[in-house]
1. Across region 122-138, what is the total count of residues that are surrounded by 16 or more Cβ atoms within 10 Å (Cβ to Cβ), assigned to a loop (DSSP other than H, G, I, E, B) and not basic (Lys, Arg)?
2. Could you please find all residues in region 710-722 being open to solvent by less than 40 Å² (accessible area, probe 1.4 Å) and assigned to a loop (DSSP other than H, G, I, E, B)?
3. Of everything in region 72-113 that's assigned to a strand (DSSP E or B) and closer than 21 Å to ASP28 by Cβ, which residue is most open to solvent (accessible area, probe 1.4 Å)?
4. Residue by residue through region 584-609, note down the ones that are free of Cβ contacts under 8 Å to residues at least 24 places away in the same chain and over 39 Å from the mean Cα position of the chain (by Cα).
5. Restrict the check to region 614-626 and report whether at least one residue is in contact with a helix residue (DSSP H, G or I) (Cβ under 6 Å, 6 or more places away or on another chain) and open to solvent by 20 Å² or more (accessible area, probe 1.4 Å).
6. Out of the residues in region 577-598 that are in a helix (DSSP H, G or I) and charged (D, E, K, R), which is least open to solvent (accessible area, probe 1.4 Å)?
7. Looking at region 332-370 only, could you name the residues that are surrounded by fewer than 22 Cβ atoms within 10 Å (Cβ to Cβ) and among the small types (Gly, Ala, Ser)?
8. Please specify each residue of region 155-171 satisfying the condition of being surrounded by fewer than 20 Cβ atoms within 10 Å (Cβ to Cβ) and modelled with pLDDT of 95 or more.
Amino acid sequence: MNKKKLILVGNGMAGVRAIEEVLKISKDEFEITIFGSEPHPNYNRILLSKVLQGDTKLSDITLNDWDWYKNNNITLHTGETVTNVDTENKRVITDSGRVEEYDELILATGSVPFMLPIPGAEKEGVTAFRDIKDTDIMLEASQKYKKAAVIGGGLLGLEAARGLLNLGMDVTVIHLAPFLMERQLDPTAGKLLQQELEKQGMKFLLETQTEQFLGEERVAGLKFKDGTTLDADLVVMAVGIKPNIELAKASNIAVNRGIIVNDYLQTETPHIYSVGECAEHRGIPYGLVAPLYEQAKVLASHLCGTDTKPYEGSVLSTQLKVSGVEVFSAGDFTEDSDKKAIKVFDEQDGVYKKIVLRGSKIVGAVLFGDSKEGNRLFSMIQKEADISDTEKITILQPIGEDAGVSLVASMGADEIICGCNGVSKGTIVEAIQGGCTSVDEIKACTSASRSCGGCKGLVGELLQHTLGSDFDASQQKEAICSCTTLSRDEVVEEIKAKGLKHTREVMNVLGWKSEEGCSKCRPALNYYLAMINPIEYKDERDSRFVNERMHANIQKDGTYSVVPRMYGGVTNANDLRTIADVVDKYEIPLVKLTGGQRIDLIGVKKEDLPKVWGDLDMPSGFAYGKSLRTVKTCVGEQFCRFGTQDSMGLGIRLEQKFEGLQTPHKVKMAVSACPRSCAESGFKDIGFIGIDGGWEIYVGGNGGTHVRGGDLLYKVQTEEEVMEVTAAYLQYYRETANYLERTSAWIDRVGLAHVQSILDDKQKRKELTARMEETLSVYKDPWKEIVESEKTTKELFANVVMS
Ligand SMILES: Cc1cc2nc3c(=O)[nH]c(=O)nc-3n(C[C@H](O)[C@H](O)[C@H](O)COP(=O)(O)OP(=O)(O)OC[C@H]3O[C@@H](n4cnc5c(N)ncnc54)[C@H](O)[C@@H]3O)c2cc1C
Ligand SMILES: NC(=O)c1ccc[n+]([C@@H]2O[C@H](COP(=O)([O-])OP(=O)(O)OC[C@H]3O[C@@H](n4cnc5c(N)ncnc54)[C@H](O)[C@@H]3O)[C@@H](O)[C@H]2O)c1
Ligand code: SF4
Ligand code: FES
C-alpha cells in the first residue's frame, strides 16, 4: 500500500508533538516531511528562559535530535521556509524553490513576536525573545554591555529580565500597565511580585509608554511619552506575540487573528490542518504549550482515523520561571458582580492566595509566595468543582502538610501533576508500577516534566512516595550530556567496573556519539576519573574550563585575577607586605577584598601569572576552582564577648585540611562562634555555629542566585567530630553529586534524611573519611607546581622568562 504523504510546516513544539502523536498511533501510515525555517532540530523553546538565566545550556534543550528524524524515516528540511501552498494541486513551495506534494498538510507556523512600530526599532541591540538566535544576541550583548531595558512586564519580559540580571546587566523593565503581569495576576499579586523582583535587583518603570529608540547604529536608550529617557545598550521587546498567519494568508486559507480551525483542527481548506500558536480555535489563539499539546493529540487521532473526542478549548494556568519567586495563576481570576473571591494575605511572609468562585464553583485562582497548591486548585478549576462552605475555609490551606502527609500523597489519581503535558498522578503511578524508577524514565514514558520542567519536583516526590523503601535517590537518571544516553551514575559505575583511566578511553569504551566529547562531558569525566582514582589519575588539563586550566580567573579584558590563600581570613603584616610589593612590581591595577575574607589582585597579565605566584610564595586560594574556596570566620571567643568557641582556630584547621580538594562544584564554608552568625554560616555549603558545649553543622546553604538557608545536619561536641563529619559529608557529596551540582541542589535532590542515614552508619562514615584521607594525601599546590616546572610553565605561558 502506498503511504499517504503528510507534510508539516513548522518544526516547532506543537507541530512536532502532533507528529510524535501520529507515530504513537501508526508508524507506517504516512511518509512524513517536515519544513522548518530555523536551522535546528525541534528544541524546547520554553527553556530559552532557563538558558538565559544560566540554569541550562543551549546544547541541552533539544527535544528531538537529528537521529530521531532519521530513525522515524522523516525527511527534515531545516533552514527552509514554505512560502506558498498550492491548495488546488496539493503541493507546497519553499523559498529554495522546492516543490513537494501532500495528501495531508499541517500548518504549525507558531507566532511572531509583536515588535512596537516606533522609530528606531531596527537598530542594532534591539531584539525580541523568541528563538535561539535572539538568546544568542542577548548572551553576547551581556559580555560587552551593561545596561539593558526590557519592554513588557509579562511572563516573557520578566523571565528575560531575570536572565539579563543573572548575566550581570543592570536591568530596567518598562511596563504599560499599573502592575506587572496584569493578564495573569490581580493588583495585589502584581505589586508583591514587583517588590520581590526589586529585592532581586530589577528596576521598573510602570505606566510608561516608549516613544522612540535613541542612538545611532546601535541603540543607546529609550525616550518615553512623558519626555523622560533611559540609557540602554540592549533592548528586549516582550510585548506579546501574534499568530504567524503569513503563509496561510498568502495561500488563501481562511484566517482571522490566527488560522481558523474547528474542533478537529481542520482549516476551512480540505486536507489542511493547523495546530499550535498559529491556530485560532473558537476565536482563541493559545500561547502556552498545554493547550497546544491537547490539540496535537486530537489532530493526530483524527489524521489516523482513530476515535477521538473533539478539542473543545482549554482552561489555562501559568507559572513564572524565575527562581525565588512563586507565582501561579489559573482560570478566570477577575472579580465582578457575578463572581466572589476568597483571599488570604500574610503580609509578613509575603504570601497571598486567592480563589474566585462563581456561585459555589471554583473558576480561578492566583497564588503568590507559595504555589504548592497550584496543581490541586487547577484540577478543581478545570472540573469547576463545587465546594461547600466548610471546604471554602480550608481550600487555601495546604492539606497535605497539615495532615502530616506529603502533597502528592494527598492528591487524587486524576489530578494533574504535569500541567504542560496534561499528565495525571494516576498515569505517573501506572508508569512507576510498570517499571519506571527515575524522573527521566517517567519523562520518556509519559512526557511529564518534558517541557517547562516545573513539575520535576512533584514527579520526584511521587516516585519516592510510590516506591517507598525501594526508592533510591541516587538512581535518578539523566544523561550527562547529549554525547551519551548514560547517566552520571552509570558512567561512574562503568569507570569503576571497567577500570577506565582516561577521558578518551571512557568515551571510546562507552560508545560516545562524538569522538571529542563536548564542553559538558569532558570536564565532568575528568572530575569523575580523579574522584575514583585519586592516587593514579593524572589530571587532564585540556579537559578543564579555562580558569581551572590557568589557575586564575580570566577577566573581561583578558587579564587574570589572583587570590592567594588566607586561611580562615586571617593574615599578617609580612603577607600584606609581600602582596603590596607584588602589586607594585607587576603594576596590578586593582586590589579588592573579597566576600570570602581574602585579597583579590585583579588585572594581572597572563604572562605575569607565574612570576606573581613565585613572588607571592603563598598557596593558591582556588578562587577559580570547583573546589574548596574559603572558610570565612568571625573573630570568636578570643575577642568577641559573645563568642563561645574558637571560630578562627576551627576555620583555619578546616581550610588547611581541605584546601585544594576537588569537588563537583565550588564549596564555601563559614565558622561563627555564636548563633549571631556574623560569618553568615547559614548560607554556606557547610556552616558551623558555636553553641554552649559544641557546634551546630549546617549544610546546603547558598547565598547566590538560588538563595537557600542551610539545614541542620548535626549538633556535635568536639572539633574532632566537626572534622570527621565534614570529611564524610564532603566525600559523600564528591561521590554522588553530578558534576557542577552545588551542595544546595544536591541536598534538595537526594534529601537531608538520606545523607544523615549514610553518615549515621558508622562503617560507611569510616569508609568515606578513609577515602577522603586518601584523596587529600596527594594534594599539591598548583601554583607551586607550575612555578617549579619549566615544562608546564612553557606549555601554559609560552614566551615567559622566569627571573
Ligand atoms: C522564552 C520563552 C519561554 C516560554 N515559556 C513558556 C512556559 O513556561 N510555558 C509554556 O507553556 N509556554 C511557554 N512559552 C511559549 C511556548 O514556547 C510556545 O507556546 C510554543 O513553543 C509554541 O509552539 P508552536 O509549535 O506553535 O510554535 P513554535 O515553537 O514557535 O514553532 C513554529 C516553528 O515554525 C517555523 N516556521 C514558521 N513559519 C514557517 C514556514 N513558513 N516554513 C517553515 N517553518 C516555519 C518557525 O521558525 C518555528 O520554528 C515560552 C516561549 C518563549 C519564547
Ligand atoms: N512561564 C510561562 O508560561 C511563559 C514564559 C514566557 C513566555 N510565555 C508565553 O510567551 C508569549 C509571549 O509572552 P509575553 O510576555 O510577551 O506576552 P503577554 O502578552 O503575556 O505580555 C506582554 C506584556 O507586555 C505589556 N505591554 C504591551 N505593550 C507594551 C508597551 N508598549 N510597553 C510596555 N509594556 C507593554 C503588556 O501590558 C503585557 O503585560 C505568551 O504567550 C506567554 O504566555 C509563557
Ligand atoms: S558570631 Fe557571635 S562570636 Fe562571632 S563575632 Fe558574631 S557575635 Fe561574636
Ligand atoms: S508542568 Fe511544565 S513540564 Fe510539567
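1. Step one: filter region 122-138 for residues surrounded by 16 or more Cβ atoms within 10 Å (Cβ to Cβ), giving 123, 125-132, 134-135, 137-138.
Now drop any that are not assigned to a loop (DSSP other than H, G, I, E, B), which leaves 123, 125, 128-131.
From what's left, not basic (Lys, Arg): 125, 128-129, 131.
Total meeting the criteria: 4.
2. The one that is open to solvent by less than 40 Å² (accessible area, probe 1.4 Å) and assigned to a loop (DSSP other than H, G, I, E, B): GLY710.
3. Of all residues in region 72-113, those assigned to a strand (DSSP E or B) come to 75-78, 82-86, 91-94, 99-101, 104-107, 111-113.
With the extra rule that they be closer than 21 Å to ASP28 by Cβ, the set shrinks to 75-76, 100-101, 104-106.
Details: THR75: 67, LEU76: 38, GLU100: 53, GLU101: 108, GLU104: 19, LEU105: 0, ILE106: 0 Å².
The extreme case among them is GLU101.
4. ASP584, GLU587
5. Initially, region 614-626 is screened for residues in contact with a helix residue (DSSP H, G or I) (Cβ under 6 Å, 6 or more places away or on another chain), giving 614-616, 620, 624-625.
Applying the additional criterion that residues be open to solvent by 20 Å² or more (accessible area, probe 1.4 Å) yields 614-615.
Yes, that holds for at least one residue.
6. Our first condition is that a residue be in a helix (DSSP H, G or I); within region 577-598, this holds for 577-585.
Narrowing the set further to residues that are charged (D, E, K, R) leaves 577, 581, 584-585.
Numbers: ARG577: 136, ASP581: 97, ASP584: 113, LYS585: 126 Å².
In this case the residue turns out to be ASP581.
7. Taking region 332-370 first, the residues surrounded by fewer than 22 Cβ atoms within 10 Å (Cβ to Cβ) are 332-351, 357-361, 363, 369-370.
Residues satisfying the conditions are SER337, ALA341, GLY350, GLY359, SER360, GLY369.
8. Result: ASP170, single match.
The values are calculated or read from the model by the stated rules, or taken from the named source; none is laboratory data. Note that this is a predicted model, so its numbers are computed, not measured. With ideal geometry, Cβ positions are generated from the backbone for all residues, glycine too; neighbour counts draw on all protein chains shown. Note: accessible area is taken over every heavy atom of the protein model, side chains too, but ligands, DNA and RNA are not part of it. Shrake-Rupley method; radii C 1.70, N 1.55, O 1.52, S 1.80 Å.
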